[in-house]
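What follows is a short report on a single structure.
Derivation of every value follows stated rules applied to the coordinates shown; laboratory data play no part. Given the structure is predicted, the values throughout are model-derived calculations rather than measurements. Ideal geometry is used to build each Cβ from the backbone, glycine not excepted, and the neighbour counts take in all protein chains shown.
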Amino acid sequence: MTVNPELLRASAAHYINGELSIEAVALAEIADAVGTPVYVYSSAMFAAQYHLLTTALAGLPHLLHYAVKANSTLAVMKQFADLGAGFDIVSGGELSRVLAVGGDPAQVVFSGVGKSIEEIDFALKTGIECFNVESADELARISDRAKILRKVAPIALRINPNVDAQTHPYISTGLKENKFGIAQESALALYLDAQADPCIQVRGIACHIGSQIGDPQPLFDALEQLLTLVDTLKSEGIVLTDIDLGGGFGVTYDDEPAFDVTAWGSRVKQRLVDRGLRLSIEPGRFLTANAGVLLTRVEYLKPGEESPQTAHTHTSSKHFAVVDAAMNDLLRPSLYQAWHGVLPVSQHSQGETKSWDIVGPICESGDWLAKDRQLSLSAGDLLCVMSAGAYGSTLSSNYNTRPRAAEVLVNGTAFRLVRRRESLQDLLSTEML
C-alpha cells in the first residue's frame with residue numbers, strides 16, 4: 001500500500017524495519033503484551049506539542065490550560081501538569097481528576113454551559129482559578145453559592161462572538177445558533193452586574209469558537225471582538241486582568257496542513273503585548289491527537305461477492321475487514337464521519353491488496369472505523385488507527401457490554417500500562433437485581 005507521507009510526518013508512529021513503532025517500541029510488542037484493542041500514546045510527542053505552543057507565545061504572559069475533555073487519562077494529565085500546564089475542565093469529575101494528578105486548582109478554569117450546584121460548590125471550596133460563565137442564570141447561581149459558602153467567586157464571561165470557525169457543525173461553538181457563551185450585546189450589562197456583586201471577582205473575558213480550526217483568521221476575528229469589549233469595559237471602570245482565547249487548533253488527520261502556531265502566536269503577541277492582559281489558551285486535540293493510536297486486530301475478512309446487480313451497475317462489491325475494535329472504542333467516525341488513517345502494523349502482510357471497510361463487531365451498521373482503504377490484509381493482522389489520542393478513550397462506552405480498551409504510554413524504549421482493560425466484573429459491579 002502507499003502511505004501518505006503527511007500522515008506519518010504528523011504522527012508519533014513510524015516504521016522501523018517494516019514494523020510500525022511508537023518512539024522506539026514496536027506496536028506488535030505492545031499488542032502481544034496487553035492485547036487489543038489498546039490505545040498507545042507517545043510521551044515525547046505530548047511534550048513536543050506542548051513546547052511548540054509555549055515557544056510560540058514566549059515573551060507574553062500566558063498559561064496553557066490543557067482541555068481535559070480531549071484525553072482525561074490520569075497519566076496523560078500528570079505529564080501535562082509536570083510540564084507546567086493548568087487545566088480546562090467542564091465537569092466536577094474532571095476537577096477530581098486534576099486533584100488526583102496533583103494539579104494546582106488555582107490554575108483551573110471551569111467551562112461548560114450546565115454547571116450544577118454540586119459542581120460549583122466543589123470548585124469554590126477547592127479554590128479554582130476562574131469560572132468561565134456562559135449565561136446570566138449561571139452567574140446568579142455562582143453568586144448565590146459563593147454567598148452561602150462565604151467565598152468570592154472569580155469569573156470571566158465566555159463571549160459568543162458569532163464567528164464561523166469553518167469546522168464541523170458538531171464542534172462549532174462560536175455561532176449564535178450554538179449553545180455556548182453570552183452574546184456580545186448582552187455582555188456589558190452582565191459585567192456591570194458582576195462588578196457590583198460582592199460575591200463575584202471579575203477577572204477576565206473568554207471565548208472558544210470551535211475545534212479542528214485550520215484557518216487562523218476566525219480566531220483573529222474573535223480576538224478583535226474581545227479586545228473591543230475589553231476597551232468598552234475599561235471605559236466603564238472594569239479593568240480585566242485575563243483574556244482566554246480557548247483552543248481549537250487543527251491537527252492533521254489526512255492531508256490537512258498543520259496549523260501554524262508560530263505565525264498565530266506572533267500575531268497574538270503583537271495584539272496583546274501592551275495590553276497588560278495575561279493570555280490563557282485551552283488546547284486539547286492539538287496536544288494529544290497525533291500522539292496516540294488505536295491498535296486493533298483483524299478477526300475476520302469478509303470479501304464481497306459480485307452480484308448481478310453490482311455487475312449491471314458497474315459498482316464494486318464491498319469488502320469488510322472485521323476487527324476487534326468498534327464504535328464504542330472510537331466513536332468519532334460514526335459520530336462525525338471523521339477520517340482516521342489506518343496502517344498495517346507490519347508491512348510484510350501476504351494478503352491481496354483490496355479496498356476494505358474497517359468495521360467492528362457491534363450490532364450497528366454505523367459501527368465502522370474507516371472506509372475504502374487500500375490494504376493488504378490477512379486474518380490476525382494488526383492494524384493501527386492513527387490520530388486517536390484525542391476524543392478516543394474519552395468518548396468510549398460499554399455499548400454491547402464491551403469492556404473499554406487498555407491504554408499504554410510509551411517513553412523512549414519502554415512502555416507501561418496506564419489504564420488496564422476493563423473486565424466484565426467491572427461492568428456488572430455497579431448494578432443491582
Report task. Could you please rank 305, 138, 23, placing first whichever residue has the fewest other Cβ atoms within 10 Å of its Cβ? Result -> 305, 23, 138
Query raised in the report: Taking the Cα atoms only, what angle lies between the long axis of helix 184-195 and the longest principal axis of the chain, rounded to 10 degrees?
Result: 50 degrees
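If you restrict to DSSP beta bridges whose two residues both lie in the chain, what percentage is antiparallel, to the nearest 5?
Of those bridges, close to 45 percent are antiparallel.
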Query - From phi via Karplus (6.51, -1.76, 1.60), per-residue ³J(HN,Hα) for the stretch 121-128 in Hz, x at Gly/Pro - result: 4, 4, 5, 5, 5, 6, x, 6
**Report entry** Over the stretch 111-283, relative contact order from alpha-carbon pairs under 8 Å, at least 6 apart, %
**Finding:** 19 percent
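Given a cut-off of 22 Å, what percent of all Cα-Cα pairs of the stretch 1-128 lie beyond it?
For the stretch 1-128, the share of Cα pairs beyond 22 Å comes to 50 percent.
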Query - Neighbour-count ranking [beta-carbon atoms within 10 angstrom, fewest first] of 16, 142 - result: 16, 142
Requested in this report: Enumerate the residues in the stretch 93-110 having an amide nitrogen under 20 Å from the point lying 7 Å beyond the Cα of residue 432 toward its Cβ.
Outcome: none
Query raised in the report: Once the Cα atoms of helix 136-149 and of the chain are each reduced to a long axis, what angle between those two axes, in degrees from 0 to 90 to the nearest 10, is obtained?
Result: 70 degrees
**Report entry** Computed label-point distance, nm, for sites residue 320 and residue 423 using a 7 Å Cα→Cβ extension
**Finding:** 3.2 nm
**Report entry** Modelled label reach - residue 414, point 7 Å along Cα→Cβ, the stretch 21-46 residues with backbone N closer than 19 Å
**Finding:** 22-27, 29-31, 33-34, 40-46
Report summary line: Taking Cα atoms, the helix 74-83 axis meets the longest principal axis of the chain at an angle in degrees (rounded to 10) of 50 degrees
Report task. Within 10 Å, count the other beta carbons around each residue, average over each peptide in 324-330, 289-295, and list them highest first. Result -> 289-295, 324-330
**Report entry** Most fluctuating residue given options 124, 192, 157, as computed from a GNM of the chain linking Cα atoms under 10 Å
**Finding:** 192
Report summary line: Quick calc: nm separation of the 7 Å Cα→Cβ label points for residue 125 and residue 267 -> 4.5 nm
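Mind putting a number on the dipole of the stretch 111-283 about its Cα centre? Charges go on the C-beta only, +1 for Lys and Arg and -1 for Asp and Glu, and I need it in Debye to the nearest 20.
Rounded to the nearest 20 debye, it is 740 debye.
Normalising by the residue count of the stretch 334-421, find the relative contact order in percent from Cα pairs under 8 Å and 6+ residues apart.
Values: 115 pairs, mean separation 23.0, N = 88.
Taking the mean separation of contacting Cα pairs over the length of the stretch 334-421, I get 26 percent.
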**Report entry** Whole-number percent relative contact order across the chain, with pairs defined as alpha carbons under 8 Å at least 6 apart
**Finding:** 20 percent
Query - Quarter of the Cα convex hull surface for the stretch 111-283, i.e. its orientation-mean projected area (nm²) - result: 10.2 nm²
Query raised in the report: Can you give the Kirkwood hydrodynamic radius for the chain, in Å, rounded to one decimal and based on Cα pairs?
Result: 23.1 Å
Report summary line: Listed with the fewest Cβ neighbours within 10 Å leading, 253, 39, 15 appear as 15, 253, 39
Requested in this report: Mind telling me which of 156, 258, 70 comes out most flexible in a GNM of the chain, alpha-carbon contacts under 10 Å?
Outcome: 258
Requested in this report: Using R₀ = 45 Å, calculate the FRET efficiency as 1/(1 + (r/R₀)^6) where r is the Cβ-Cβ separation of residue 55 and residue 152; round to 0.05.
Outcome: 0.80
